Amino acid sequence: MRNVTQIFKKEFGGYFISPIAYIVISIFLVLTGWFFFSTFFLYNQADLRNFFSLLPLTFSFVIPAVTMRLFSEEFNSGSYELLLTMPVSSTDIVLGKFLAAVAFVAVMLLPTLSYGACISFLGDLDVGPLIGGYVGAILLGAAFSAIGLFASALTHNQIIAFISGMAVCFSLTLLDKMLIFLPKSLLSVFQFLSADSHFQNIARGIIDSRDVLYFLSLAFVMLYGTHLAVDEMN
């Protein structure tokens, strides 16, 4: 666990050394703030439903940008070989980088708490969906971070890592929107695979173990795939 903590500190601190972290957080806040407040007064409802309804789509683009460098940059620069000379296992490296990406997502969400504070002055804010929305956002962010990490472990090129990670996250987000094109026998399968469907369930304030298990399972499978990909690179 000590090695995981060291890797986590290195990667989390690395985000804020370069301007990329500040650019990504700024773009995220501008996008979510614009989409949320531009329609907020049309619905005349004191909640963050519009913010959470767009979050999976926004995360599909933003989180692969956060994770794309985690392995591909180190493979390309050769610093990964230097990392392997230290007394750390590939499991320590994968977990440390994953936790750093999830922590960055949590930091990115922190300023959006001000949206709820603003709305509470305009009406009675329902706290249940607010808490559920942020719990769902962390679970969704963890699952998408694991996907981005896996994409980064497959290539030396950050752009390819970003595009492939974004394609998977985007597909999982839009899967339940394409159900009308699928045969009825496959509807339940594709609906279960949809990340947006599980996230919206939690964002309503109802924490169902099936939704939580979906995100944890997705993150586990992607992290295991990352572990195998990294071992293959070794």
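The values are calculated or read from the model by the stated rules, or taken from the named source; none is laboratory data. Here the structure is a predicted model, which means the values were calculated and not measured. FYI the Cβ positions are ideal-geometry reconstructions off the backbone, even for glycines, and counts take in every protein chain you see. Side chains are part of the model used for accessible areas, which takes the heavy atoms of the whole protein and leaves out ligands, DNA and RNA. Shrake-Rupley method; radii C 1.70, N 1.55, O 1.52, S 1.80 Å.
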Check: How big is the charge dipole of segment 79-234 about its Cα centre, in debye rounded to the nearest 20, if each Lys and Arg gets +1 on its Cβ and each Asp and Glu gets -1 on its Cβ?
Finding: 260 debye
Next item on the list: Choose one of ILE7, PHE36, ILE206: the residue whose Cα lies farthest towards the positive end of the charge dipole of the chain (beta-carbon charges +1 Lys, Arg; -1 Asp, Glu; about the Cα centre).
Entry: PHE36
Note to self: Taking the 0 to 90 degree range and rounding to the nearest ten, how far is the long axis of helix 209-233 tilted relative to the main principal axis of the chain, both from C-alpha atoms?
What the structure shows: 20 degrees
Next item on the list: Give the distance, in whole Å, between the Cα centre of segment 148-178 and the Cα centre of segment 179-234.
Entry: 14 Å
Next item on the list: State in Å² the accessible area per residue of the chain; use a 1.4 Å probe, count heavy atoms of protein chains only, and round to the nearest integer.
Entry: 51 Å²
Margin query: If I fit a long axis through the Cα atoms of helix 2-17 and take the longest principal axis of the Cα atoms of the chain, what angle between them do I get, 0 to 90°, rounded to 10?
Written below: 70 degrees
Notebook entry, point to check: Between the helical axis of 90-109 and the dominant principal axis of the chain, each derived from Cα atoms, what acute angle in degrees is found, rounded to the nearest 10?
Noted result: 30 degrees
Check: Under the rule of -39500 (n - 2.57) per DSSP H run of 4 or more residues, summed and divided by the residues of the chain, what mean residue ellipticity at 222 nm is obtained, to the nearest 500 deg cm²/dmol?
Finding: -27000 deg cm²/dmol
Checklist line | Stokes-Einstein D for segment 1-97, Kirkwood Rh over Cα pairs, 25 °C, 0.890 mPa s (µm²/s) | finding: 154 µm²/s
Notebook entry, point to check: At a 1.4 Å probe, what is the % contribution of carbon and sulfur to the accessible area of the chain?
Noted result: 71 percent
